[in-house]
Every structure is written in structure tokens, then in C-alpha cells.
Amino acid sequence: MPTKGQVEAAVTEAITKFERDYLGRGPKEARTFIIEDLVVVRLQGILSPAEQQLSHENGGVDLIKQMRSRLIESSSDALRALVTEATGTEVVSLHTDISARTGERVFVFSMADDLAAAFRS
């Protein structure tokens, strides 16, 4: 059985690869945390140079957030499958937000089982 750190690393790797392959740019930094029945993924440095520039223009932040949200919504099944495969537990729901000011995105996956408990036993 893999360790908690190994599962967190597998999720980080899968999400980073997804960002790079599907969105064309991977994060500069990524980290995953398993907290009870939640898997939290924090990505930093995900905005392209054009998006960084756009974030300083009137309405730019909203435009970036809308576009990125739509892209994630259209691929939510693929993201759920990646996390299910990496953890061995079904994803119940997916929540995400992005800060167009800081270039940070957070994913929160609600899982069917308490993953953290499995690592304690």
C-alpha cells in the first residue's frame, strides 16, 4: 500500500500533467494535501504572461476567472478520473477557484472515503 506522501505526490503529478497537456501551461509549484475525506491541490504560477498582463486591465480578472472556470468545468470528468485513479477512492465532488491576481489555483476534491484514516491504520 502506498504512503500518504506517495498518494499526494501522485495526485500532484497527475494534476500538473493535466494542466500542462490540457491548458498548455503547468504550474511553477504544486502541492497536494490529504485532509480526512478531502484532497486539496494548490497550484502556484499558473497564469501565462498574457493572462498576467490582462489581469491588470479593467475587467481582466473576471475574464480570466470565467475562461479558466469554463475550461475546468468542461474537463471535470477527466480531473475526477485522475484523482480517483491516483487515490483509489471515488471523487464525490470537485470545487475550484483561481486568483488572477496571484496566479494561484486551488482544487478541492471531496472523496467518498476518509483517505487520511486509511493511512493512520
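The values are calculated or read from the model by the stated rules, or taken from the named source; none is laboratory data. Everything numeric here is computed off the predicted structure, so don't read it as measured data. All Cβ positions, even for glycine, are placed from backbone atoms using ideal geometry, and neighbour counts span all protein chains on display.
Scanning the range 7-22 for residues that are surrounded by fewer than 16 Cβ atoms within 10 Å (Cβ to Cβ), under 22 Å from residue 70 (Cα atoms) and either touching a residue at least 24 places away in the same chain (Cβ under 8 Å) or under 13 Å from the mean Cα position of the chain (by Cα) (or both) returns 17, 20, 22.
Consider the range 74-90 and keep the residues that are in contact with a strand residue (DSSP E or B) (Cβ under 9 Å, 6 or more places away or on another chain) and farther than 12 Å from residue 41 by Cβ. The one that is surrounded by the most Cβ atoms within 10 Å (Cβ to Cβ) is 89. Take residue 100 and tell me if it is loosely packed, with under 13 Cβ neighbours inside 10 Å and without any contact (Cβ under 8 Å) to a residue 60 or more places away in the chain. In short, no.
Against the numbered list (1) touching a residue at least 40 places away in the same chain (Cβ under 8 Å); (2) buried (at least 16 other Cβ atoms within 10 Å of the Cβ); (3) of a type outside the set (A, V, I, L, M), residue 4 comes up short only at (2). Looking at the structure I just gave you, is residue 80 within 20 Å of residue 51 (Cβ to Cβ) and not in a loop (DSSP other than H, G, I, E, B)? In short, no.
In the range 78-102, of all residues being at pLDDT 90 or above and more than 24 Å from residue 4 (Cα to Cα), the one that is farthest from the chain's Cα centre (by Cα) corresponds to 99. Checking 11, 61, 7 one by one, the residue that is β-branched (Val, Ile, Thr) and in contact with a Gly (Cβ under 9 Å, 6 or more places away or on another chain) is 7 and no other. One residue alone among 40, 61 is buried (at least 17 other Cβ atoms within 10 Å of the Cβ), among the hydrophobic types (A, V, I, L, M, F, W, C) and either outside any helix (DSSP H, G or I) or at negative phi (or both), and that residue is 61.
Looking at the range 104-121, which of its residues are within 14 Å of residue 46 (Cβ to Cβ) and either touching an Asp or Glu at 6+ places or on another chain (Cβ under 8 Å) or of a type in the set (Asp, Glu) (or both)?
Step one: filter the range 104-121 for residues within 14 Å of residue 46 (Cβ to Cβ), giving 104-107.
104, 105, 106, listed by residue number.
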